[in-house]
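Everything below concerns the one structure shown next.
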Amino acid sequence: MNDQIQWRAGPATGPSVGYLDHARVGPLAPEAAAALGDAALLAGRLDPADLDGLFALGDAARGSAARLLGAEPHEIALAPSTSHGLFSAAAALRGPGTVLVPREEFPANVYPWLRFAGRGGPGVRLLEPDGRRHITPDLLRRHLTPDVVALTVSAVDSFTGHMAPLAALKEILGPDRLLIVDAIQGVGAVPLESDAADILVSGGQKWLRAGWGAALLLIRDRCAGRLGPGIGGWAGAADPFAARHPSPPLPGAAAYGITNPDLSAAAALGAVLDVLADRGGPAAVGARVRATLAALLERARRTGAEVLLDGLGEGERAGIGTFRLPGHDPAALHRALEAAGVITTRRGEWIRLSPHASTPAEATDLFAEALDSFLRRPRPAGAPEPDAARAVGPRTATAGATRTGSTTEGAAGIAERATERATGTPTHTSTPVPAHSDTPRPQEPTCPTT
């Protein structure tokens, strides 16, 4: 089936053959660009029928998202971004209680919970991942105290590519606790156990290649009774022009809208969701992504590279793989790859690869040739031998911390302490922050830069 996936070639200014950085940002798909153009034409005229057409594009996008996630259309809303959707969820989930947040979560899935912990929301407990970046069912089971009301987790770890076992986590949580999922590194890349998610959020600018401005927000009916209106605005009110405010909220996920969505961005998102369905859906596309990633990582191993979380089983790794070349300057390697036309992300000493289903087969050869060329270069005088760097050892759960004075703390810990100062409400961690880490924090930039 993989060979039958045909991806239309992009414009001449599209991504290079060696673009392997979709976990950072996906170059705009031609179908998304066409949808944006069509929406712009409607917005340029704005006759009554054109305005109706624009809103119909938003409705169509919600329908396409519902089909992808196995949801009802009214369980889907459009948010401006993944972060916005997560803030909507955090604002809607009222206290008392505790939300579990893995300490190594991407910051977009940490700050919403910390911000609302002192503003009527549940408290936050940051979980140390037991020597691994991802949360396991056993770890969750050990920390599932009676006060826990929700777990928030990334469907795919943005640094290692590990897939969270969503169904297993939800089974442990049970029907009375919420599973909240940041799915931006999974939607459009691999199949997800989306049925397990009570709330799921994903923007379109990465694997879906829809650009910025629209994200899908899934809020299942089964958890609506646990949520308040949060930051829902006039667009989420049943009668925004009622004589007295607030008006009751709209039914379903629409209650969490603040204002009208960016309908042009919604059109682009809907277009790529339809393309995903037309090309075999997440199973077919995910098989292609994983096959390409496996080929890239195998080429890296042949050069002596160490792959982060190597040995993950089938279905445990999504479209992201991260490696390092012991004894070699990672910044120099990153520059050499880019000079050869291989676009990646560097986090400290690690290089992250994230190919798309549209990545051509030639990209693997280009990557291998760039690695070989880099390794054939004369080594600078005094540089350590490659084996010497292996003493650093594999990445631990504390890797990714940011040094502060004589101690080391992750971004979540810094935000936690800032929130304590601002609100006077202490947050809680499951274990103390370790005092040392050999690896800088593998954090995504806010803007798509290295």
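Hey, what do the phi angles of the stretch 157-168 turn into as Karplus ³J(HN,Hα) couplings, whole Hz, using 6.51/-1.76/1.60 and θ = phi - 60°, x for Gly and Pro?
Along the stretch 157-168, the couplings run 5, 5, 9, 9, x, 5, 8, 5, x, 4, 4, 5 Hz.
Carbon-plus-sulfur fraction of the accessible area of the stretch 48-109, 1.4 Å probe, in percent?
For the stretch 48-109, the apolar C and S fraction of the accessible surface comes to 64 percent.
Can you give the accessible area per residue of the stretch 89-133, in Å², using a 1.4 Å probe?
Accessible surface, normalised per residue, equals 28 Å².
Give me the dipole magnitude in Debye, nearest 20, for the stretch 93-154 about the Cα centre, with unit charges on the beta carbon: positive for Lys and Arg, negative for Asp and Glu.
160
Show me, for the stretch 31-39, the HN-Hα J-couplings you get by feeding each phi into the Karplus relation (A = 6.51, B = -1.76, C = 1.60, θ = phi - 60°), rounded to Hz, glycine and proline as x.
5, 5, 4, 5, 5, 4, x, 5, 5
With the Cα gyration tensor of the stretch 63-140 giving a ≥ b ≥ c as the square roots of its eigenvalues, does the rule (a/c under 1.5 for rounded; else a/b larger than b/c for prolate; else oblate) give rounded, prolate or oblate?
In terms of gyration-tensor shape, oblate.
For the stretch 326-332, take each phi angle, set θ = phi - 60°, evaluate the Karplus expression 6.51 cos²θ - 1.76 cosθ + 1.60, and give the result in whole Hz per residue in order, putting x for glycine and proline.
Working through the residues one at a time gives x, x, 10, 5, x, 5, 5 Hz.
Which whole-number percentage describes the relative contact order of the stretch 173-278, with Cα contacts under 8 Å and a sequence gap of 6 or more?
23
Using a probe radius of 1.4 Å on heavy atoms only, what accessible surface per residue do you get for the stretch 157-199? Whole Å² is fine.
It amounts to 26 Å² per residue over the stretch 157-199.
Just in the stretch 314-356: which GluC sites (Glu not before Pro) are loop by DSSP and have at most 15 other Cβ atoms within 10 Å?
Filter output for the stretch 314-356: Glu314, Glu316.
Assign one of three labels to the stretch 197-268, namely rounded, prolate or oblate, based on the Cα gyration tensor with a ≥ b ≥ c the square roots of its eigenvalues; rounded applies when a/c is under 1.5, prolate when it is not and a/b is larger than b/c, and oblate otherwise.
Cα axes put the stretch 197-268 in the oblate bin.
Using only the Cα atoms of the stretch 79-120, build the gyration tensor, take square roots of its eigenvalues as a ≥ b ≥ c, and label the shape rounded, prolate or oblate: rounded if a/c is under 1.5, else prolate if a/b is larger than b/c, else oblate.
oblate
5 Å is the cut-off here: which amide hydrogens, built 1.01 Å from N in the peptide plane, fall below it relative to Gly97, excluding neighbours closer than 5 in sequence?
Result for Gly97 returns Gly123.
Taking H as built 1.01 Å from N, whose amide H comes closer than 5 Å to the amide H of Leu353, not counting residues under 5 places away?
Under 5 Å from the amide H of Leu353: Gly321, Thr322, Phe323.
Expressed as a whole number of Å, what is the distance separating the alpha-carbon centroids of the stretch 306-329 and the stretch 273-287?
Computed from Cα coordinates, the inter-centre distance equals 25 Å.
Compute the accessible area per residue over the stretch 258-342, keeping the other protein chains in place, probe 1.4 Å, unit Å².
Here the residues of the stretch 258-342 average 37 Å² of exposed surface.
The values are calculated or read from the model by the stated rules, or taken from the named source; none is laboratory data. Every value quoted in this text rests on a predicted model; they were computed, and no experiment measured them. For neighbour counting, all protein chains shown are included, and Cβ atoms are generated from backbone atoms with ideal geometry for every residue, glycine included. Heads up: the accessible areas ignore ligands, DNA and RNA and are worked out on the full protein's heavy atoms, side chains in. Shrake-Rupley method; radii C 1.70, N 1.55, O 1.52, S 1.80 Å.
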